[in-house]
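In what follows, a structure is listed as C-alpha cells, so that the remarks can point back to it.
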Amino acid sequence: MFSADFDGSASGRREVRMGGRRRDDNSKADFIARARQERRLRELERARQHAASFAQRWWRGRHSAACTRRRVRSEWDSQMGRLVQITSAFALKGLTFEPPAATITAFTKKLVFFNRVRVDGARVTALASILHKSCRAKDPKNNYLSAATSVDDIEVGSWCLWTGRFLALILEHLAACAVEAQSPASPSPSSSASASSSSASSSPSAAPSAPAAPDRTPVDPDVLCAAAEAIARAEDSAAAAGGGLRSALQRVLLRQAAGGPLLDDLRACWSISSPLAALSAMPVHRITSLMLELVLKALGFENVASSGDLRMPETEETELVRTAVREALHRLALRFLTLPTHSLTAHPLYGSLCAALAGREARGWWLLVDAACEHMLRAADRAVSASALVWNILALQAGQLSAQELAPDRAASLVHLIHAHVTTMPPLAVLDGPANAGDAGLAVEEAEDEDDDMIVHGSIGNGVKGLELLVARELRQAAAGAGAGASAGAGAEAEAGADTSLQLASAPMIIQLFEAVLAPHPPPSGQPVANCEAPLLALCAIYGKLLVHSRSALDTMAGRYSGAAASASTILNTLALGRVQGFVARLWAQLQPEVAHYADEATDARAAGLSPTVRMALFLFCATYSHQLLALDDEQFFEKGVPLSLKEQFEATCVLKQLLYQMFWETPVAEQAPFDLESVQLLLSVTRLYNQLYDRHARHEFAHFSREHWHWPAVHSRELADAMTPAEDRGMAAAFGGRRVSLLLTCIPQVLQFKQRVKIFHRLIEDDKATAGIPDGFGNIGGAVHDVTVNRDKIYEDAMRGLPAGPDLKHRIRVTFESELGYQEAGIDGGGLFKDFMDALAERAFDPQYGLFNVTSEQLLYPNPASPALAEDHLAHFG
C-alpha cells in the first residue's frame with residue numbers, strides 16, 4: 001500500500017476528489033450559503049405559483065359569478081316578461097291578476113343577487129311597482145306583508161331578511177337618483193321613466209329587456225318611494241291584524257339603520273335637498289322625507305308628517321334590539337348630526353325632526369344625547385366634527401330644554417356631552433373677534449398700548465389689578481389670533497355656537513342643571529355627605545370655562561343678539577343670589593373632600609395638585625362666594641351663617657390659605673411660561689375671596705378666628721430677607737428684586753407676620769431715602785430743605801403755593817409761621833412747628849364747609865361730586 005520511501009509526511013498524501021472538486025475549494029460556510037440561496041429560490045417559486053393560482057381562481061370565480069348573474073338576470077327578465085304577459089292578458093278581459101306573495105319573494109331573491117346600481121334600475125322599478133300593488137291585496141296569499149304575521153319564526157325571519165335587502169336596493173337607487181340630479185347635464189330620471197312607461201303601455205305584451213348601457217336605465221323615483229312607503233307604513237294595513245308585523249318591520253329597519261346605508265343615504269339626500277328650486281324635476285324632498293321616516297321608525301318612534309303626531313311602540317325589547325338601537329343612534333349621531341349646523345337647521349324637514357324627537361317628554365332626544373355622549377367619550381372619535389354634533393343636538397331642543405324637569409341621570413348625560421366638547425373647543429372669546437373687527441379695532445389697539453405701557457413701567461406688580469391686566473392682555477391676544485385664523489365661511493357656525501352658548505348661560509338652564517346634579521344640603525338624616533361626583537365637576541368646569549375664557553364675549557353676544565337674556569353676570573347672579581337654593585353651601589359640601597388635603601400644611605399632602613375639573617369647580621366656588629359676599633351684611637354673614645357657617649368658613653379659609661401659599665410662593669403661576677390663563681384666573685378668584693373674608697373678620701377684631709389663623713407657615717427665604725435692596729428702576733417689582741415678593745406684599749400682605757411687614761416697611765423707607773438722596777436721620781446736615789412760610793389764616797392757600805410737588809415732598813420741610821402783620825413768629829422748626837402746621841392744614845383741607853368733601857351719617861368723609869362747581873382746577877386740590 002505504501003512505497004518503501006514513504007516518510008509519513010502530508011506532501012505525498014493522495015488527493016481525494018469530491019464531485020470533481022478539490023476539498024480545499026469548498027468550505028462548509030460556502031456550502032451552507034449555497035443551500036440557503038437554493039431554498040429561498042424554491043420558496044419564491046412556490047409563492048409565485050400560489051399567487052398565480054389564487055389570481056386564476058379569483059378571476060375564474062369572478063367570471064363565473066358574472067356569468068351566473070347574467071344567466072339569472074336573463075331568467076329574471078324572461079320570467080318577468082311572462083308575468084307581464086299574464087297581467088296584460090287578464091287586463092284585456094277586465095280582470096285583475098294578483099301574483100302570489102311567494103312569486104314576489106322569488107323575484108326579490110334573484111334581483112338582490114344580480115343587482116347593480118345604474119344597470120338594474122328598470123328591474124328594481126318594475127318589481128317595486130308589483131310589490132306596491134301586492135301590499136294592498138286583500139287575499140292574504142297574495143299580500144306580500146302577510147308573511148310577516150306568520151306564526152312560523154323561520155318564515156318571519158326569511159321575510160325580514162329579503163325585505164330588508166330589497167329595501168336597501170330601493171334606498172340605494174333613490175340616493176343615486178338624488179346625487180345624479182345635482183348635475184345639470186344629467187338627464188332627468190323622471191322623464192326617462194315617463195318615456196319608458198308610455199312605451200310599455202303602447203305594447204303591453206312586450207317584456208322588459210335588460211338595458212344596453214348604464215345611462216339608458218330608466219328609474220322612476222315615485223314608484224320606488226311608493227314601494228318603500230308601503231313597506232314602512234305596512235302596520236296601517238289590514239295585514240297587520242296579527243300584531244307581529246310591527247316588530248318585524250322594526251327589525252328590518254334597524255338592520256338598515258345600524259349596519260346598512262340608510263343613514264349615509266339620508267345624509268347625502270339631506271345635504272342636496274335644500275335648494276329645492278333647482279331640483280324641481282326630482283322629488284328629492286320626498287326621498288329625504290321617506291328616509292327620515294324610516295330612520296325614526298327604526299329607532300322606535302315615528303313622525304307622521306301630516307299631523308305631527310308621535311307614536312311610540314310599547315313592545316318588549318330584547319337585548320338584541322336594544323343593542324341595535326344603540327348602534328343605530330350612534331350612527332345617527334356620527335353620520336347625520338355632524339352636518340354643518342346651518343345646513344341642518346335650514347332644511348324644510350328640520351321641524352318634523354324636532355317634533356319627532358320632542359314628543360313623549362323628549363324621549364328620542366335624550367336617547368340621542370346618551371348616544372352622542374358615548375361617542376364623545378371615545379378617544380378615537382374625538383376628531384369627528386365634535387363641535388357640529390353638540391351644537392346640532394342642543395339646537396334640536398331649541399329653547400324647550402330649560403322648561404323641562406331634568407332627572408339626575410338625564411342631566412348627567414347632558415353635562416358629560418357638553419363637557420366633552422367644551423374641553424376641546426377654543427375659547428368662546430373668538431366669537432368677539434371678527435364681528436367687531438371694524439369699528440372696535442382702534443379702541444383695542446389703544447387699550448393694548450396702555451396696558452403694555454403700564455407693564456413696561458413696572459406697575460403691573462401692584463396687586464390684583466396687575467394680574468387682571470395680564471389676564472386681559474392674554475385674552476385679547478388669544479381672541480385676535482383666533483379671529484385672524486377664522487375662515488370666512490364660519491359665520492353661520494359661529495352664530496349657532498353663540499346661540500347655544502347664550503342658551504347655556506341663561507338663568508333657567510343654569511337652575512335646571514345645577515338643581516339636578518347638586519346634592520341637598522344638609523343631607524337627609526342618616527345619609528352621609530355626597531362626594532363631588534363626575535357630573536357636578538363637569539358642570540362646574542363648563543361654567544368655569546365660560547367665565548374664565550369668555551366673560552367679555554358672552555356680554556358682547558348678549559348685546560349683539562336681540563332678546564338675549566344671558567351674560568357672564570347672569571351666571572354669577574343666578575348662582576350667588578338665591579336662584580339656585582344654597583348653591584355655595586351645597587357645592588362646598590361636595591367639593592370639600594376633593595380639596596381637604598390642601599388644609600394640611602405638609603408639602604407632600606399637596607404634591608398631587610388639582611385635576612382640571614376640580615380646579616374649575618374651585619374657581620366657580622370662589623367666584624360665586626365672592627360675588628355673594630357683596631350683597632351680605634355682617635349679621636347674615638356671622639350670625640345666620642350665610643352662605644357658610646363659621647365651621648365651614650374655617651375649613652374654606654384653611655384651604656384657600658394653602659392654595660395661595662402654593663400658587664404665590666412655591667410655584668408662582670404668574671411667572672410660569674407659557675402663560676396658564678386658567679391658573680391665573682383661579683389665583684385671582686382665590687385672592688379676592690381670601691381678602692374679602694379677612695376684611696370681614698378684621699372688622700369684628702378677629703373675634704372668631706385669630707390673626708394667626710390668616711398667616712402662612714413660617715417663610716424662610718433669602719429672597720424675602722433681601723427684598724429691600726436698592727432699585728434703580730421704577731415699580732415695586734424692581735424695588736423688591738422679584739415678582740414673587742411684590743405680588744405677595746401687594747395682593748395678600750396679611751399672610752405675613754406683622755413684625756415681618758413692619759421690618760419690610762422700614763427697609764422700604766430706607767431704600768426710598770437712599771434713592772431720593774435723603775440722609776439718614778431727620779436733623780442731619782447735607783440734605784435738601786424746603787422752607788415754607790404760611791399765615792395761620794391762609795394756611796391752605798399758602799400750603800398749596802409753597803409746598804413742593806412730587807418726590808421733593810419727601811425731603812425735609814421747614815415751616816415758618818407769619819403773623820397778620822407780616823412778622824415771622826419766633827421759634828425754630830425742630831419738628832414741633834411742622835406737626836402744628838400739618839394738624840392745622842388737615843383740619844382746614846378736610847372741612848366739609850369748604851366743599852371739597854362731604855360727610856356721611858357715620859361721620860366719614862368722601863370727595864364731593866359737586867366740587868367742579870367750586871373751581872375749574874378742582875382736581876389740583878386732590879392731587
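The values are calculated or read from the model by the stated rules, or taken from the named source; none is laboratory data. Just so it is clear, the model here is predicted, and its values are computed rather than measured. Positions of Cβ are generated from backbone atoms using ideal geometry, with glycine treated the same way; all protein chains shown enter the neighbour counts. Accessible surface areas use protein heavy atoms only, side chains included; no ligands, DNA or RNA. Shrake-Rupley method; radii C 1.70, N 1.55, O 1.52, S 1.80 Å.
Considering only the stretch 85-104, state which residues are open to solvent by less than 40 Å² (accessible area, probe 1.4 Å) and part of a helix (DSSP H, G or I).
Keep residues of the stretch 85-104 that are open to solvent by less than 40 Å² (accessible area, probe 1.4 Å), which gives 88, 99, 101, 104.
Selection gives SER88, ALA101, ILE104.
Per the listing GLY806, GLY822, GLY802, the residue uniquely over 18 Å from ASN791 (Cβ atoms) and open to solvent by less than 90 Å² (accessible area, probe 1.4 Å) is GLY806. Restrict the check to the stretch 690-703 and report whether at least one residue is more than 16 Å from GLN750 (Cβ to Cβ), more than 26 Å from the chain's Cα centre (by Cα) and in a loop (DSSP other than H, G, I, E, B). There is at least one residue in the stretch 690-703 that is more than 16 Å from GLN750 (Cβ to Cβ), more than 26 Å from the chain's Cα centre (by Cα) and in a loop (DSSP other than H, G, I, E, B).
For GLN672, all conditions in the list (1) surrounded by 17 or more Cβ atoms within 10 Å (Cβ to Cβ); (2) farther than 23 Å from LEU572 by Cα; (3) without any contact (Cβ under 8 Å) to a residue 40 or more places away in the chain hold save one; what is the number of the exception? With (1) surrounded by 17 or more Cβ atoms within 10 Å (Cβ to Cβ); (2) farther than 23 Å from LEU572 by Cα; (3) without any contact (Cβ under 8 Å) to a residue 40 or more places away in the chain applied to GLN672, the lone miss is (1). Screening SER742 with (1) within 30 Å of GLN662 (Cβ to Cβ); (2) of a type in the set (Gly, Ala, Ser); (3) modelled with pLDDT under 75 gives one miss only, at (3). Of the residues PRO189, PRO221, PRO214, the single one that is modelled with pLDDT under 50 and crowded, with 20+ Cβ neighbours inside 10 Å is PRO189.
Only one of the numbered conditions (1) within 25 Å of VAL741 (Cβ to Cβ); (2) touching a residue at least 24 places away in the same chain (Cβ under 8 Å); (3) surrounded by 17 or more Cβ atoms within 10 Å (Cβ to Cβ) is not met by LEU644, and that is (1).
Residue by residue through the stretch 753-802, note down the ones that are modelled with pLDDT of 80 or more and of a type in the set (Ser, Thr, Tyr). Of everything in the stretch 753-802, those that are modelled with pLDDT of 80 or more and of a type in the set (Ser, Thr, Tyr) turn out to be THR789, TYR796. Among GLN692, GLN662, GLN672, which is of a type outside the set (Asp, Glu) and more than 20 Å from PRO612 (Cβ to Cβ)? Of the residues listed, the single one that is of a type outside the set (Asp, Glu) and more than 20 Å from PRO612 (Cβ to Cβ) is GLN692.
Report, ordered by the first and then the second residue, all pairs with beta carbons closer than 8 Å, sequence separation of six or more or different chains, a first member in the stretch 747-776 that is closer than 18 Å to GLY806 by Cβ, and a second member that is part of a helix (DSSP H, G or I) and open to solvent by 70 Å² or more (accessible area, probe 1.4 Å). Taking only residues 6 or more apart or on different chains, the pairs are ASP768/LYS810; LYS769/LYS810; ALA772/PRO807; ALA772/LYS810; ILE774/LYS810. Among residues of the stretch 581-601 that are within 17 Å of LEU629 (Cβ to Cβ), those with a beta-carbon under 7 Å from a residue that is open to solvent by less than 20 Å² (accessible area, probe 1.4 Å) and among the polar types (S, T, N, Q) at least six positions away or on a different chain give the pairs PHE583/THR624; VAL584/THR624. Across the stretch 134-148, the qualifying residues are those that are touching a Pro at 6+ places or on another chain (Cβ under 9 Å) and under 20 Å from ARG165 (Cβ atoms), and the one among them that is modelled with the lowest pLDDT is SER146. When the stretch 649-663 is filtered for residues that are more than 14 Å from CYS622 (Cα to Cα) and either open to solvent by 10 Å² or more (accessible area, probe 1.4 Å) or without any contact (Cβ under 8 Å) to a residue 40 or more places away in the chain (or both), the ones remaining, listed by number, are PHE650, TYR661, GLN662, MET663. Taking the stretch 390-424 as the range and being at pLDDT 75 or above, under 17 Å from ALA507 (Cβ atoms) and either more than 17 Å from the chain's Cα centre (by Cα) or basic (Lys, Arg) (or both) as the test, only LEU406 passes.
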